[in-house]
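Structure first, then comments.
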Amino acid sequence: MDILLREVESKKDLVDFVKLPARIHMGHSNWIPPLYIDEIDFFNPLKNKSFGYCDHIRLLAYRNNELVGRIMGLINHRYNQVKNENNARFSYLETFNDQEVAHALLSKVESWALALGAEKIVGPLGFSDKEPQGYLVKGFDEPTVLAANCNFSYMNDLVKNEGFAPEINLVTYKVDIPEVIPPVYKRMLPRIEKLNSEFKMIEFNSRWKLRKYIRPVLHLTNRAFQQIYGSMPYDEKEMDDFANRFIWLLNPKFVKVIEDQAGNVIAYTVAMPDISKGIQKSKGYLFPFGIFSILGSGKKSHRMVALLGAIEEQYRGRGLDVMMALRVLESGRQEGKTEIDGHLVMETNYAMRGEYEHIGGYVYKWYSIYAKSLR
């Protein structure tokens, strides 16, 4: 049967777009459903401000009247202007193991992007690097965490068969939280004690106290992430939206902020408890009881997930990273955590990789972002 492509137009189309992956990943033990109440808004151009500076296309694929695939194409004009690029992106591609469906979806996005003047298409990559990016290429037996893609291995083959090649590789580290201070950090303790007199470490015991730091922290992120692949600066409305999506999931004890003597935020790190088991149990629904499963799983899990962190450029190399890492490790131990998932790090980000390896971290998952020339 021929494959029919249809753009997302109605509310039903949007719901179908959001809920298709649950069918594709049925029985996939590592897959984590999205939080549907959030996901519906995320893919709605009337609710998600990021659509305002992007051309986009959202497609559904049908065979014999059955929904069998989806994709979103993006041209992020703000990012292209800043980076002096002319790229399009494909994102949120989901299909069964069916090359014809993948071809129909990808080729449609390619022709759409080419008509708008794009020279290259990359993906999977959404509006920014703060979303799941890249396909998992190694480590399929390892657990998935929030904000990371979980895909079957065949997705890499489907994409490569359409002429795409790896453009950017990313890695995820696992760190076992040690019972005692790692020797490399112990040697730095005198230096850390001096830093404690120069700077102020801010720690938290409630989500409410985090709120006043949201904008200062994300303004620092904008400055520090300028050279990170796929990263887009937030405006203040986007900062508030981003915080509202995730702040309720955080354990405030895993957030550390450093201020200088004038009270300016110069460094921070944010980790969260792994809530993947709770989201799986809730099947992506917060109500009526899913929220209790999700928050409860964060308390029971032995894993932390490192989400974001940054240091003001002029303060890098002075030990602030170690100062925060020691406190995060201690907070993790106090909360019963035994390991950290380092989330996604660019393969070439040797400074960040070195930080993980200094405390015994090792790579346990690999991801790739693919690219294809359109001209």
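Structure data summary
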quantity	calculated
Within the range 115-150, considering residues that are in contact (Cβ under 8 Å) with a residue 24 or more places away in the chain and not in a loop (DSSP other than H, G, I, E, B), the one farthest from Tyr367 (Cα to Cα)	Lys120
Selection from the range 77-111 of residues that are more than 18 Å from Ala22 (Cα to Cα), in contact with a helix residue (DSSP H, G or I) (Cβ under 7 Å, 6 or more places away or on another chain) and either assigned to a strand (DSSP E or B) or among the hydroxyl-bearing types (Ser, Thr, Tyr) (or both)	Asn87, Ala88, Phe90
Every residue from the range 1-50 that is aliphatic (A, V, I, L, M), over 21 Å from Ala61 (Cβ atoms) and crowded, with 17+ Cβ neighbours inside 10 Å	Ile32, Leu35
Options Ala371, Ala262: the member that is within 21 Å of Asn196 (Cβ to Cβ) and either free of Cβ contacts under 8 Å to residues at least 24 places away in the same chain or over 18 Å from the mean Cα position of the chain (by Cα) (or both)	Ala262
Exclusive hit being modelled with pLDDT of 95 or more, out of contact with any strand residue (DSSP E or B) (no Cβ under 9 Å at 6 or more places or on another chain) and on the phi < 0 side of the Ramachandran plot, set Ser29, Ser10	Ser10
Contacts under 8 angstrom Cβ, first residue in the range 213-242 being within 17 Å of Val255 (Cβ to Cβ), partner among the hydroxyl-bearing types (Ser, Thr, Tyr) and surrounded by 17 or more Cβ atoms within 10 Å (Cβ to Cβ), 6 or more apart	Tyr213/Tyr268; Val217/Tyr268; Leu218/Tyr234; Leu220/Tyr268; Thr221/Tyr234; Phe242/Tyr234
One residue from Gly298, Gly332, Gly309, Gly342 being crowded, with 20+ Cβ neighbours inside 10 Å, under 22 Å from Phe246 (Cα atoms) and outside the structural domain of Asn205 (by TED's automatic domain parsing)	Gly342
Failed item in (1) modelled with pLDDT under 85; (2) closer than 27 Å to Leu74 by Cβ; (3) polar (S, T, N, Q), with Ser197 passing the rest	(2)
Selected residue (only one of Pro166, Pro178, Pro183 is modelled with pLDDT of 95 or more and either in contact with a Lys or Arg (Cβ under 7 Å, 6 or more places away or on another chain) or not β-branched (Val, Ile, Thr) (or both))	Pro166
Candidate set: the range 201-232, residues that are closer than 21 Å to Gly134 by Cβ and among the polar types (S, T, N, Q); chosen: the one surrounded by the most Cβ atoms within 10 Å (Cβ to Cβ)	Thr221
Every residue from the range 347-375 that is part of a helix (DSSP H, G or I) and surrounded by 18 or more Cβ atoms within 10 Å (Cβ to Cβ)	Arg353, Glu355, Tyr356
Residue ID - surrounded by the fewest Cβ atoms within 10 Å (Cβ to Cβ), chosen from residues in the range 313-329 that are outside any helix (DSSP H, G or I) and basic (Lys, Arg)	Arg316
One residue from Tyr367, Tyr362 being under 16 Å from Gly134 (Cα atoms), in contact with a Phe, Trp or Tyr (Cβ under 9 Å, 6 or more places away or on another chain) and not assigned by TED's automatic domain parsing to the domain that holds Ala271	Tyr367
Lone qualifier among Ile32, Ile40 - being of a type in the set (A, V, I, L, M, F, W, C), part of a loop (DSSP other than H, G, I, E, B) and out of contact with any Gly (no Cβ under 6 Å at 6 or more places or on another chain)	Ile32
Lone unmet requirement of (1) more than 17 Å from Ala267 (Cα to Cα); (2) in a loop (DSSP other than H, G, I, E, B) for Gln226	(1)
Qualifying residue in the range 81-95 (condition: of a type in the set (Gly, Ala, Ser) and in contact with a Gly (Cβ under 7 Å, 6 or more places away or on another chain))	yes
Count - residues of the range 198-222 that are over 14 Å from Ile247 (Cβ atoms) and in a helix (DSSP H, G or I)	6
Residue satisfying condition, being part of a strand (DSSP E or B) and at negative phi, within set Leu308, Leu295, Leu286	Leu308
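This table checks each residue for (1) crowded, with 19+ Cβ neighbours inside 10 Å; (2) part of a loop (DSSP other than H, G, I, E, B).
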{"site": "Asn196", "(1), (2)": "no, no"}
{"site": "Tyr234", "(1), (2)": "yes, yes"}
{"site": "Ile247", "(1), (2)": "no, no"}
{"site": "Lys253", "(1), (2)": "yes, no"}
{"site": "Ala267", "(1), (2)": "yes, no"}
{"site": "Ala271", "(1), (2)": "yes, no"}
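The values are calculated or read from the model by the stated rules, or taken from the named source; none is laboratory data. Fair warning: this is a prediction, and the values are worked out from it, not measured in the lab. So basically every Cβ, Gly included, is an ideal-geometry build from the backbone, and we count neighbours across all protein chains shown.
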